[in-house]
Ligand SMILES: [Mn+2]
């Protein structure tokens with residue numbers, strides 16, 4: 001028995017508001033499906049965040065339908081859960097995955113937590129926010145008991161686990177039941193493959209660059225999905241990397257050599273099939289940034305899909321210069337001085353307060369401060385909304401038309 005495991009495809013995500021980026025996500029998904037069919041697997045598991053939102057656009061729904069029908073044509077069923085992006089935090093509402101049940105999608109939900117595929121027990125749950133971690137843990141222990149009756153079992157979840165994602169998690173590694181043979185995880189966008197329980201715990205990662213900062217990880221580790229050979233005593237996991245269609249080019253330029261810097265970039269990208277995203281940092285700027293941006297745009301706009309510039313004014317990045325000019329200043333004053341150019345008052349205040357605590361080893365206070373800051377600035381109010389999926393009794397009931405609450409994850413989360 002061999003299966004494919006993927007997650008976090010985020011279909012319908014229009015990065016930077018660009019339709020081209022939305023299409024990139026569809027293109028990658030199609031490549032993944034084609035590769036899966038080529039590999040002649042017995043089934044596929046999708047561990048959540050199939051769609052970017054709980055109300056996907058017709059284009060996103062069609063992109064998925066196309067892939068699902070291809071799989072169906074090849075006789076390959078897919079099992080899927082809802083992730084934090086495609087779950088609807090509202091009593092009685094249903095995730096978009098449900099639309100595809102008639103096309104053969106096997107939706108794993110709180111009322112339909114497990115399936116048998118041959119002699120393999122496949123169980124799982126949709127995403128539960130940390131406010132519901134009690135419910136999550138009790139449901140996990142029920143599934144663990146059921147799994148004990150089967151020789152081979154898979155647990156499908158879309159959650160953060162402290163061991164792999166320390167900043168935001170709903171489960172500690174010790175709270176994950178340890179009698180499953182394969183843990184088909186979703187949520188973390190980078191590839192993780194660990195020994196756990198009676199086998200392997202794997203996050204296949206996202207298929208595309210969902211956040212610009214995922215580019216570095218992509219360059220180092222690639223993106224894709226995994227194939228799992230489930231016949232032996234321990235699952236054999238093979239990663240399949242799938243190239244993403246478009247490049248992100250990250251460069252630092254010196255304002256004093258702007259012309260040659262730009263020429264170098266033109267040379268690099270002139271023959272690219274798809275126009276890249278340019279992430280440019282221009283240092284030592286001593287003129288109006290608007291004018292500098294216009295120059296860059298004029299030279300690179302025709303070859304790039306988008307230019308994302310960061311300007312550092314002359315001396316701005318050099319802490320040495322500030323130290324030399326202000327020899328009487330202590331570290332705290334230097335920090336304040338340095339932050340002046342950053343221009344985000346709230347973050348500046350946080351940085352200085354954190355410095356105060358951390359320089360005195362007051363780590364608990366520092367943690368508290370960060371949590372408070374997160375709650376005030378980033379926490380989605382939806383996380384606090386009552387979340388009672390177990391009360392979803394009729395999956396065929398239509399979601400209410402208005403006032404629907406969905407989780408849209410913010411900057412700091414996956
Ligand atoms: Mn995701």
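When the strands (runs of 3 or more DSSP E) confined to the range 137-252 are screened for residues that are over 30 Å from residue 275 (Cβ atoms) and more than 16 Å from the ligand (Cβ to nearest atom), those reaching at least 3 such residues are found at 152-158, 192-196, 199-203, 224-229, 236-241.
Can we say residue 60 is buried (at least 24 other Cβ atoms within 10 Å of the Cβ), assigned to a helix (DSSP H, G or I) and within 16 Å of the ligand (Cβ to nearest atom)? The answer is yes for residue 60. Among the candidates 111, 19, the residue that is at pLDDT 95 or above and more than 16 Å from the ligand (Cβ to nearest atom) is uniquely 19.
Of all the listed residues (72, 40), the sole one being at pLDDT 95 or above and either within 16 Å of the ligand (Cβ to nearest atom) or in a helix (DSSP H, G or I) (or both) is 72. Look through the range 264-277, keep the residues that are in contact (Cβ under 8 Å) with a residue 24 or more places away in the chain and assigned to a helix (DSSP H, G or I), and return whichever of them is farthest from the chain's Cα centre (by Cα). Taking the candidates together, the pick is 266.
The values are calculated or read from the model by the stated rules, or taken from the named source; none is laboratory data. These numbers come from a predicted model, not from an experiment. Backbone-built Cβ (ideal geometry, glycine too); neighbour counts: all protein chains shown.
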